[in-house]
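Asker: Have a look at this one.
The values are calculated or read from the model by the stated rules, or taken from the named source; none is laboratory data. Model, not experiment: these values are computed from the prediction. Ideal geometry is used to build each Cβ from the backbone, glycine not excepted, and the neighbour counts take in all protein chains shown. Heavy atoms of the whole protein, side chains included, go into the accessibility calculation; ligands, DNA and RNA do not. Shrake-Rupley method; radii C 1.70, N 1.55, O 1.52, S 1.80 Å.
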There are 2 protein chains.
Amino acid sequence: MDASNPIVHPIGDHHAVDLEEGPLIVTMKELPGMPGTIGGLALRVGQFLFAAAAIVIMVTGDEFTNYTAFCYLVAAMSLQFLWSFMLAILDTYALLIKRGLRNSVLLSLFVVGDWVTATLSLAAACSTAGVTVLFDNDLNYCGQMHCHRYQLSAAMAFLSWLLIGMSSLLTFWLWASE
Amino acid sequence: MDASNPIVHPIGDHHAVDLEEGPLIVTMKELPGMPGTIGGLALRVGQFLFAAAAIVIMVTGDEFTNYTAFCYLVAAMSLQFLWSFMLAILDTYALLIKRGLRNSVLLSLFVVGDWVTATLSLAAACSTAGVTVLFDNDLNYCGQMHCHRYQLSAAMAFLSWLLIGMSSLLTFWLWASE
């Protein structure tokens, strides 16, 4: 690794530079929820916990394999779980060694991964919600099916998406203002 | 209007300042597709045309009102159409008077509006796609229904979302790097 361009930087390392650019940018760069901070770790933990909840609630019903949208939700939430869990480990490491994750290559990787998983998660949550509303309101199938299970799973997927959306916006902001 | 802080700025007005900040930022700020450029106008026109196509294809079938997801698609695409059409007019105005739209208040308004409409459009496209896949693959309803119409409408909504996604990323980038 090139010692002049380390992957992790001490937290506050950019502070001196930021002060020259103006107070607004300093405030934005210190927002909670950025990668390598306690807020960032909390967002990642929330993401993988909600993703795990969505998967568990869906797969414990045995009917879900009959419906493409529900299988897609399990696949998208599994990807979301893996991504957020991996980044939670990276955030924990950065916090343990007391360094922020401010390398622009790492940030661009986080931005792309966050956008891809966020889009897939929203797509999965919406398609599941669409099918659940169809069963409940339009076809009146809910008497014979576990609709509450599907609704709860879709709600967990939406919550996971909300948190990954916040993470991705913050990371994109940090990357764009680097 | 305060003459010292105009809503529109001559294109290239920030160029001298950007050059002092470094060559990378100059390149990013001149990306095609930014608000107030020909590329930006083309994106907006594409967005409202695809949104209009999604609405027309859906409403010319008489069954769509029976399904919540399809009604939601029409509502979300109508909002998308109005938003993109309004911004296309603003882009045309900026091009006619040969000034870029670089005011930070305007940019933040575009960013919020773009994100809201993009999220609603993706949600509508995904719920329609989820329901269409259910009809086609899982319930085998497509013999009695106009499934191709719904699939085509969902495809148009996805294309509209793809273009609004590009617009919103570019606008957010410009706003974050201001």
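Asker: The conditions are (1) within 11 Å of chain B (Cβ to nearest Cβ); (2) within 28 Å of B:Val74 (Cβ to Cβ), and A:Gln151 fails exactly one of them. Which is it?
Answerer: (1)
Asker: Answer with yes or no whether B:Ala94 is in contact (Cβ under 8 Å) with a residue 60 or more places away in the chain, open to solvent by less than 50 Å² (accessible area, probe 1.4 Å), small (Gly, Ala, Ser) and in contact with a strand residue (DSSP E or B) (Cβ under 7 Å, 6 or more places away or on another chain). Can you show your working first?
Answerer: Working: in contact (Cβ under 8 Å) with a residue 60 or more places away in the chain: yes; open to solvent by less than 50 Å² (accessible area, probe 1.4 Å): yes; small (Gly, Ala, Ser): yes; in contact with a strand residue (DSSP E or B) (Cβ under 7 Å, 6 or more places away or on another chain): yes.
Answer is yes for this residue.
Asker: Same structure, new question: When you look at B:Gly113, is it out of contact with any Ser or Thr (no Cβ under 6 Å at 6 or more places or on another chain) and open to solvent by less than 10 Å² (accessible area, probe 1.4 Å), yes or no?
Answerer: Numbers: out of contact with any Ser or Thr (no Cβ under 6 Å at 6 or more places or on another chain): yes; open to solvent by less than 10 Å² (accessible area, probe 1.4 Å): no.
In short, no.
Asker: For B:Thr119, only one of the following conditions fails: (1) within 13 Å of the chain's Cα centre (by Cα); (2) away from every other protein chain (no Cβ under 13 Å); (3) of a type in the set (Ser, Thr, Tyr). What is its number?
Answerer: Only one criterion in (1) within 13 Å of the chain's Cα centre (by Cα); (2) away from every other protein chain (no Cβ under 13 Å); (3) of a type in the set (Ser, Thr, Tyr) is unmet by B:Thr119, namely (2).
Asker: So which residues in the stretch B:158-174 are within 12 Å of chain A (Cβ to nearest Cβ), in contact with a Phe, Trp or Tyr (Cβ under 6 Å, 6 or more places away or on another chain) and surrounded by fewer than 23 Cβ atoms within 10 Å (Cβ to Cβ)?
Answerer: Within the stretch B:158-174, just B:Ser168 meets the criteria.
Asker: Also, I was wondering about something else. Report yes if B:Thr65 is touching a Leu at 6+ places or on another chain (Cβ under 9 Å) and at pLDDT 80 or above, otherwise no. Before the answer, list the steps.
Answerer: Details: touching a Leu at 6+ places or on another chain (Cβ under 9 Å): no; at pLDDT 80 or above: yes.
Considered against the rule, which asks whether it is touching a Leu at 6+ places or on another chain (Cβ under 9 Å) and at pLDDT 80 or above, B:Thr65 comes out as no.
Asker: Looking at the stretch B:96-115 only, could you name the residues that are within 12 Å of chain A (Cβ to nearest Cβ) and at pLDDT 85 or above?
Answerer: Going residue by residue through the stretch B:96-115, those that are within 12 Å of chain A (Cβ to nearest Cβ) are B:104, B:111-112, B:115.
Residues satisfying the conditions are B:Val111, B:Val112, B:Trp115.
Asker: Now for a different question. Taking the stretch A:81-140 as the region of interest, how many residues are more than 30 Å from B:Thr132 (Cβ to Cβ) and touching a Gly at 6+ places or on another chain (Cβ under 6 Å)? Walk me through how you get there before you give the answer.
Answerer: Filtering the stretch A:81-140 for residues more than 30 Å from B:Thr132 (Cβ to Cβ) gives A:85-111.
If we keep only those that are touching a Gly at 6+ places or on another chain (Cβ under 6 Å) too, we end up with A:91, A:94, A:100-101.
Of the residues in that region, 4 qualify.
Asker: Let me ask you something else. Any idea which residue in the stretch A:154-177 is farthest from B:Phe172 (Cα to Cα), counting only those that are in a helix (DSSP H, G or I), at pLDDT below 95 and of a type in the set (Ser, Thr, Tyr)?
Answerer: A:Ser167
Asker: Would you say B:Ser127 is touching a Cys at 6+ places or on another chain (Cβ under 9 Å), among the hydroxyl-bearing types (Ser, Thr, Tyr) and either within 14 Å of another protein chain (Cβ to nearest Cβ) or open to solvent by 10 Å² or more (accessible area, probe 1.4 Å) (or both)? Let's see the steps before the verdict.
Answerer: Working: touching a Cys at 6+ places or on another chain (Cβ under 9 Å): yes; among the hydroxyl-bearing types (Ser, Thr, Tyr): yes; either within 14 Å of another protein chain (Cβ to nearest Cβ) or open to solvent by 10 Å² or more (accessible area, probe 1.4 Å) (or both): yes.
Judged against the criteria, B:Ser127 is a match.
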